[in-house]
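Take a look at the structure set out below.
Please treat every number below as a calculation from the coordinates, not as lab data. No experiment lies behind these values; they were computed from the predicted model shown. Note that each Cβ is placed from the backbone with ideal geometry, even for glycine, and that neighbours are counted across all protein chains shown.
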Amino acid sequence: MTRKLFWEDQYLTSFTTDILSIEEDKENNGKYLIELAETAFYPEGGGQPNDEGEIASAYVDYVFETEGKIYHRVNSKPTEKNQVKCTVNWKRRHDFMQQHLGQHILSSVFYRRFNCNTVGFHLGKEAVTIDLPRDSFTLDELSLVEEEANNIIYLNLPVSALYPSDEELSSLPLRKVPAVEENIRLIEVKNVDCTPCGGTHLSHTGEVGVIKIIKLEKIRGIARVEFLCGLRAFRDYQLKNEAINSISNILSVPNAETFEAVERVYLENRSMNKRLNQLNKTLLDYEVNDYYNNADKIKDYSIIVKMFENKDMKHLQLLSSLINGYPKTIALLAAKNQKVQVVFTRSSDVNIDMNKLLKEVIPLIDGKGGGTSVTAQGGGVNGNNLEGLLQAAIMKLKHEYV
């Protein structure tokens with residue numbers, strides 16, 4: 001079994017050791033798997049990601065354990081095997097130690113206050129989550145947990161790794177039962193928490209810095225709490241403080257009043273948009289009525305033909321829905337923008353297949369489309385021939401359809 005230096009000294013980032021074996025990684029071309037006589041590289045497991053760093057000059061991007069042996073995946077094959085220098089990426093390791101110990105502290109408070117033991121834990125690159133067997137928590141409950149967790153940090157309590165005997169294990173106030181029966185390792189936060197864990201942790205709670213709950217999700221009877229610790233929480237505060245200051249300056253209000261100001265602007269904007277949409281609808285009704293009154297006639301049918309610049313398919317569809325309300329009306333609508341788009345439609349009292357008509361002329365713009373006998377739509381790439389398409393459709397209506 002590989003000797004685990006990260007359990008002996010979790011602050012160890014540089015060590016020298018022998019390489020026991022180097023083999024090609026069959027699942028990752030150009031990568032190699034290295035087994036060391038001993039290692040300070042933490043392997044992925046227990047919800048904590050693996051360490052990264054270097055073995056000699058080879059970059060370690062993944063570390064895993066199988067059957068007691070720890071393997072290090074590297075991007076090049078070291079030339080030396082004896083007494084090679086190894087370096088753990090401390091910035092990454094310290095971040096994970098802050099998040100992981102913060103999780104222990106937060107989980108212990110949820111357990112003590114609400115008898116909710118953590119049933120899931122994920123430590124990602126951006127955030128950390130724990131899953132709790134409860135539908136939800138109120139904001140007041142989360143604030144209580146958050147404040148108590150940070151008070152534990154401020155006490156700067158010692159954190160220890162314990163390897164108890166069976167007799168000692170039975171007398172300890174464990175938060176959860178160990179998943180293994182041998183080589184049990186516990187992490188104890190003095191007077192606060194004692195739980196099985198194989199991860200790396202800080203030596204005192206004060207090094208966590210701060211814990212901030214940032215999100216609560218409800219997932220099939222599980223409350224998922226997302227939080228940040230240490231430098232992650234600090235960077236999150238920087239980002240949000242900058243955003244609040246910017247909003248405060250734009251709206252000319254104190255920071256404490258930004259929410260009320262944004263809410264007011266949002267409601268005003270929604271009301272104005274609603275009024276604007278009503279006015280646009282009224283204007284469009286007038287336009288469509290004008291189109292109908294000035295439409296060309298083929299026998300007793302009104303033929304509306306319109307080509308627009310810088311309009312989209314949504315505008316054509318809205319026009320077609322309004323035009324369909326007029327009796328004995330056929331509309332050939334087109335928009336020439338980045339794309340060439342057309343909509344052919346008719347009122348319900350016109351017995352003409354608009355889908356058939358569209359398919360007959362759409363090749364003129366190197367396009368395709370389809371729909372129903374009432375309304376069909378399509379698009380093409382040859383905008384230079386859009387007017388030709390409309391004229392061809394008019395001729396077919398005159399000589400073949402009406």
* To do: Round to the nearest 10 and give me the degree value, 0 to 90, for the angle of helix 139-154's Cα axis relative to the longest principal axis of the chain.
  => 30 degrees
* Structure fact -> Cβ density ranking, 10 Å radius, fewest first, applied to Cys197, Cys116, Cys229 yields Cys116, Cys197, Cys229
* Asked: Taking the Cα centre of the chain as the origin, how large is its charge dipole in debye, to the nearest 20, when only Lys and Arg (+1) and Asp and Glu (-1) carry charge on their Cβ atoms?
  -> 2020 debye
* **Spatial separation of Cα centroids for the stretch 305-359 and the stretch 222-297, in angstrom** => 33 Å
* Asked: Which of the GluC sites (Glu not before Pro) found in the stretch 1-51 are in a DSSP loop and have at most 14 neighbouring Cβ atoms, other than their own, within 10 Å?
  -> Glu27, Glu44
* Helix 230-251 sits at what angle to the longest principal axis of the chain, using alpha carbons and giving 0 to 90 degrees rounded to 10? -> 40 degrees
* Find, to one decimal place in angstroms, the Kirkwood hydrodynamic radius of the chain, where the mean of 1/r is taken over every pair of different Cα atoms and then inverted. => 27.7 Å
* Structure fact -> From fewest to most C-beta neighbours within 10 Å, the residues Asp95, Asp18 line up as Asp18, Asp95
* Asked: Normalised by the number of residues in the stretch 280-402, what is the relative contact order in percent for Cα pairs under 8 Å and 6+ residues apart?
  -> 19 percent
* Report, to the nearest 10°, how far helix 90-114 tilts away from the longest principal axis of the Cα atoms in the chain, using its own Cα long axis and a range of 0 to 90°. => 90 degrees
* **the chain - percent relative contact order, Cα under 8 Å, separation 6 or more** => 9 percent
* To do: Pull out the extension gain between Asn89 and Glu24, defined as 0.36 nm times the separation in residues minus the alpha carbon to alpha carbon distance; nm, one decimal.
  => 21.1 nm
